[in-house]
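What follows is one structure encoded as structure tokens, with my remarks underneath.
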Amino acid sequence: MSYAGPASRTRGSTGRQEPSSPAPAGRSIGPSDGPGARRAPTYSSDVDENGHETDWHRIALFGAGLALGLTLGAGAALLAAPQTGEETRAVLRSRARRMTRATGRRSQDAWDDLRNELQSATRALRRRRARQAARKALQRELEAEGVAD
């Protein structure tokens with residue numbers, strides 16, 4: 001007898017197919033086996049366009065492991081730091097202030113850039129309208145001269 005992995009979940013389906021014959025004697029029918037078994041509802045957001053199910057338990061486990069790893073790594077970095085805690089906090093505060101100032105300048109620059117772009121677009125639109133108006137006026141003059149001849 002070989003082990004073929006967990007039989008409760010198959011790729012691309014919402015669950016196992018019901019067996020055509022009853023379970024052999026000596027085996028108990030589990031909650032996912034048998035013709036009268038109840039299956040967990042599958043929502044459309046749990047199945048992608050290829051029919052693969054999203055395993056939320058694995059995603060949650062990965063997220064918890066990631067958070068734990070980040071926390072342990074940050075703690076180890078603080079313990080192995082060549083500075084005292086007070087010095088480290090002072091450095092972090094100064095970096096935060098510097099980043100705040102830089103972000104403020106960048107956002108101010110972004111607003112200035114947006115204002116300049118809008119002004120140049122407005123000027124271009126006015127020039128285009130003036131050319132169109134001049135072209136129409138010239139066309140009217142030519143038509144008036146052609147009628148007067």
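A few notes on this one:
- For R97 and A74, a Förster radius of 30 Å and the Cβ-Cβ distance give a FRET efficiency of 0.90, rounded to the nearest 0.05.
- If only the Cβ of Lys and Arg carry +1 and only the Cβ of Asp and Glu carry -1, the dipole of the range 66-143 around its Cα centre is close to 640 debye.
- Taking V147, V91 and counting other C-beta atoms within 10 Å, the order from fewest to most: V147, V91
- Span from the the range 49-101 Cα centroid across to the the range 129-149 one, whole angstrom: 70 Å
The numbers here are math on the coordinates, done by the rules we state, and not lab data. Remember, it's a predicted structure, so these values are computed and weren't measured experimentally. Note: ideal-geometry Cβ built from the backbone for every residue, glycine included; neighbour counts use all protein chains shown.
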